Amino acid sequence: MSPAWSWSVQDGLAVLRTPRLLLRAWRDADRAPFAAMNADPVVMAHLPAALDRTGSDALLDRFAAQHEERGYTCWAVEVTDPALLAAAPTGAFAGFTGLSVPGFVPPFAHHEPCVEVGWRLAAPWWGHGLATEAAAACLAYAGVVLRLPEVVSFTTPGNTRSIAVMRRLGMRPDGTFEHPRAAPGDWWRTHVLYRITPDRAAPARS
Ligand SMILES: CC(C)(COP(=O)(O)OP(=O)(O)OC[C@H]1O[C@@H](n2cnc3c(N)ncnc32)[C@H](O)[C@@H]1OP(=O)(O)O)[C@@H](O)C(=O)NCCC(=O)NCCS
């Protein structure tokens, strides 16, 4: 997949643009809508647990620190498309999409660092192709700029919306693994794994 995308550096940090989205650095103003998304049982249905405000803030801080340290992160996703914004009751912040290094030793790593592409959008933003649009730009950035040999993605088998994003991105299934952080018997222990070699020639939009 070769999306329309571009990247630039703002205040020393990489930001990405797609036709309808800005993937930017995190701001304090994101904390409230981020916490609301992370507390929504619909959004968190396929994750081990919803997050309270403390957990949500800690995750935002981790994303911001990784942006500084590695030059990539799970970016804050902001909708820039006027037609979508006009219909949105909750502002431009839509969630996150991006690249991160798993916080556990991945039993499936082929490369070091093992980089994951992931996404989480507030429910009103589902069904518009935004996660796939954002993630495609992240994969292009991973190939063209970061020159990563591989990007992985994983989720629980019942997370059909997330698996559909992986497939739309052209990722290939590579079986299942037991999540090292899950205890035996935890409902979320088994994960499906997908891999992709990001396109190193995906042209950026002029
Ligand atoms: C996973 C998640 C990001 C997927 O969101 P999504 O909106 O379904 O995914 P996409 O951005 O690819 O959008 C695809 C849908 O938009 C529709 N669509 C509408 N307009 C579109 C457009 N202009 N372009 C592309 N697709 C469009 C597609 O037809 C598709 O609809 P469908 O679901 O009815 O088939 C979202 O469900 C989510 O945040 N879930 C909770 C968090 C989570 O589980 N994350 C993963 C944990 S590992």
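The values are calculated or read from the model by the stated rules, or taken from the named source; none is laboratory data. Note that the structure is a prediction, hence the values are computed from the model and not measured. Ideal geometry is used to build each Cβ from the backbone, glycine not excepted, and the neighbour counts take in all protein chains shown.
Figures for the structure shown
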item: All strands (runs of 3 or more DSSP E) inside segment 109-206 with 2 or more residues being in contact with a Gly (Cβ under 7 Å, 6 or more places away or on another chain), under 24 Å from residue 92 (Cα atoms) and within 16 Å of the ligand (Cβ to nearest atom); result: 116-121
item: Residue check, residue 88 more than 15 Å from the chain's Cα centre (by Cα), within 15 Å of the ligand (Cβ to nearest atom), closer than 21 Å to residue 33 by Cβ and of a type in the set (A, V, I, L, M, F, W, C); result: yes
item: Members of segment 145-171 that are free of Cβ contacts under 8 Å to residues at least 60 places away in the same chain and closer than 22 Å to residue 111 by Cα; result: 147, 148, 149, 150, 151, 152, 153, 154, 166, 167, 171
item: Criterion (over 23 Å from residue 122 (Cβ atoms) and either at pLDDT below 95 or not charged (D, E, K, R) (or both)) met by exactly one of 156, 176; result: 176
item: Enumeration of residues in segment 33-65 that are loosely packed, with under 13 Cβ neighbours inside 10 Å, more than 23 Å from residue 190 (Cα to Cα) and hydrophobic (A, V, I, L, M, F, W, C); result: 58, 65
item: Strands (runs of 3 or more DSSP E) lying entirely in segment 1-71 (those with 1 or more residues that are within 19 Å of residue 121 (Cβ to Cβ) and within 16 Å of the chain's Cα centre (by Cα)); result: 13-17, 21-24
